[in-house]
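First comes the structure, then the notes that go with it.
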Amino acid sequence: GDATCDQVGNDVAIDAAGNLVVGGGAAGSVDFGGGALAATAIDMFLARFGPTGSHTWSQLIAGTFAGGASVVQVKPYLALGGALAVAGEMRGSVDFGGGALTSNGQADIYVATFDPATGVHQWSANIGASTSEIPQDLSMDGSGSLVVSGTMLGAFDAGGGTLPYDAFSDVFVVVLDAS
């Protein structure tokens, strides 16, 4: 990172071959080994390194993430396998490479996948209602299905019917296939 702005790592994922991806929030300028990247505001970063620590690729993704004006608020959760999957909280608009996604309300779940070798966007989606859905973890099984868990502050439909909501904050678990 640079000396005038903050950069914060949030999660790391390692595949069976020893490749590593780190994700977090960045302001200012950051160089992971592939040249300086300049954040437009508070951006998400993804950076991949080979088994020996050599830089493979890195990128910044601009958008409105968990609210607030701090890099600490950008909290991507990562899973690495046949794809690099990223999930987190968005409030506003984010473009992962497939067109802008816009939050349905206060806070939505975003999920995006990238080619792990190149960092090229594969697909992305946001899930949520007018209330807040806040992811807390992401996992990937051997077939590439993604499991996102977190807290919901109202009922929402993740594609399989409305998840009921009782009061205060409830837990959710959403399973998405690889596509």
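Structure summary
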quantity: Candidate set from the stretch 67-84 (those that are touching a Gly at 6+ places or on another chain (Cβ under 7 Å) and at pLDDT below 90); member that is farthest from LEU138 (Cα to Cα); calculated: VAL71
quantity: Candidate set: the stretch 114-154, residues that are assigned to a loop (DSSP other than H, G, I, E, B) and β-branched (Val, Ile, Thr); chosen: the one nearest to the chain's Cα centre (by Cα); calculated: VAL120
quantity: From the options ALA158, ALA107, residue that is surrounded by 14 or more Cβ atoms within 10 Å (Cβ to Cβ) and in contact with a Phe, Trp or Tyr (Cβ under 9 Å, 6 or more places away or on another chain); calculated: ALA158
quantity: Residue count, the stretch 27-63 (criterion: of a type in the set (Val, Ile, Thr), part of a loop (DSSP other than H, G, I, E, B) and crowded, with 18+ Cβ neighbours inside 10 Å); calculated: 1
quantity: Hits in the stretch 81-104 (condition: open to solvent by less than 50 Å² (accessible area, probe 1.4 Å) and assigned to a loop (DSSP other than H, G, I, E, B)); calculated: GLY81, ALA83, GLY92, PHE96, GLY99, SER103
quantity: Output for the stretch 1-26, where each listed residue is more than 25 Å from GLU89 (Cβ to Cβ) and open to solvent by 40 Å² or more (accessible area, probe 1.4 Å); calculated: ASP2, ALA3, THR4, ALA16, ALA17
quantity: Subset of the stretch 111-139 (residues that are buried (at least 21 other Cβ atoms within 10 Å of the Cβ) and modelled with pLDDT of 95 or more); calculated: VAL111, ALA112, THR113, PHE114, PRO116, LEU138
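The values are calculated or read from the model by the stated rules, or taken from the named source; none is laboratory data. Quick caveat: nothing in here was measured; it's all calculated off a predicted structure. When we count neighbours, we look across all protein chains shown, and the Cβ atoms used for this are built from the backbone with ideal geometry, even at glycine. Heavy atoms of the whole protein, side chains included, go into the accessibility calculation; ligands, DNA and RNA do not. Shrake-Rupley method; radii C 1.70, N 1.55, O 1.52, S 1.80 Å.
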